[in-house]
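Q: There's a structure below that I have some questions on.
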Amino acid sequence: MHYLLFYEKVPDYAVRQEAFQAGHRTHVLDAVRRGELLLGGNLADPQDGAAVLLFRADSPAVAEAFAASDPYVVHGIVSRWRVRTWETVVGPGAAVPP
């Protein structure tokens with residue numbers, strides 16, 4: 001199944017995240033290597049501190065554990081996060097094909 005992890009960052013994230021960027025990148029790359037994290041990035045137009053990460057896993061616990069241990073969350077760069085199930089039905093890799 002696919003899961004979307006939504007991040008909302010604090011207004012001054014651009015300044016504050018620099019101190020934790022290396023740890024966040026390591027955390028992200030580890031999840032990619034494990035095959036859990038497929039895509040991730042900031043939303044644009046407008047750039048308002050929102051980001052989305054796409055996970056493929058057996059349960060939302062994988063994305064939830066990722067968020068709970070992400071240095072950006074631990075150090076308050078991310079002010080709010082949530083995980084939503086995404087029932088993909090079309091395209092290569094769809095989790096619930098028709």
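The values are calculated or read from the model by the stated rules, or taken from the named source; none is laboratory data. Quick caveat: nothing in here was measured; it's all calculated off a predicted structure. For neighbour counting, all protein chains shown are included, and Cβ atoms are generated from backbone atoms with ideal geometry for every residue, glycine included. For the accessible areas, the whole protein counts, side chains as well, though only heavy atoms, and no ligand, DNA or RNA atoms are used. Shrake-Rupley method; radii C 1.70, N 1.55, O 1.52, S 1.80 Å.
Q: Is it the case, given these coordinates, that A68 is of a type in the set (A, V, I, L, M, F, W, C), surrounded by fewer than 15 Cβ atoms within 10 Å (Cβ to Cβ) and not in a loop (DSSP other than H, G, I, E, B)?
A: So A68 passes the test.
Q: Looking at the stretch 78-98, which of the residues that are among the β-branched types (V, I, T) and not in a strand (DSSP E or B) is surrounded by the fewest Cβ atoms within 10 Å (Cβ to Cβ)? Spell out how you get there, then give the answer.
A: First, pick out the residues of the stretch 78-98 that are among the β-branched types (V, I, T): 78, 83, 85, 88-90, 96.
Next cut, not in a strand (DSSP E or B) only: 88-90, 96.
Details: T88: 15, V89: 10, V90: 8, V96: 11.
Here the residue is V90.
Q: Being of a type outside the set (V, I, T), free of Cβ contacts under 8 Å to residues at least 12 places away in the same chain and either touching a strand residue (DSSP E or B) at 6+ places or on another chain (Cβ under 6 Å) or not in a helix (DSSP H, G or I) (or both) narrows it down to one residue among D45, D30, D58; which is it?
A: D45
Q: So, one more: Tell me which residues, restricted to the stretch 37-48, are farther than 12 Å from F6 by Cβ and either open to solvent by 40 Å² or more (accessible area, probe 1.4 Å) or of a type in the set (F, W, Y) (or both).
A: L38, L39, A44, D45, P46, Q47, D48
Q: A further question follows. Go through (1) part of a loop (DSSP other than H, G, I, E, B); (2) surrounded by 13 or more Cβ atoms within 10 Å (Cβ to Cβ) one by one and return the number of the condition A51 breaks.
A: Every listed condition holds for A51 apart from (1).
Q: Which is touching an Asp or Glu at 6+ places or on another chain (Cβ under 8 Å), open to solvent by 30 Å² or more (accessible area, probe 1.4 Å) and within 28 Å of P98 (Cα to Cα), of V32, V62? Spell out how you get there, then give the answer.
A: On the way: V32 fails: touching an Asp or Glu at 6+ places or on another chain (Cβ under 8 Å).
None of the others qualify; the one that does is V62.
Q: Hey, another quick one. State which residue pairs qualify: first residue without any contact (Cβ under 8 Å) to a residue 24 or more places away in the chain and farther than 13 Å from V83 by Cα and inside the stretch 1-18, second residue open to solvent by less than 30 Å² (accessible area, probe 1.4 Å) and part of a loop (DSSP other than H, G, I, E, B) in any location, beta carbons under 9 Å apart, and separation of 6 or more residues or different chains.
A: A14/G49
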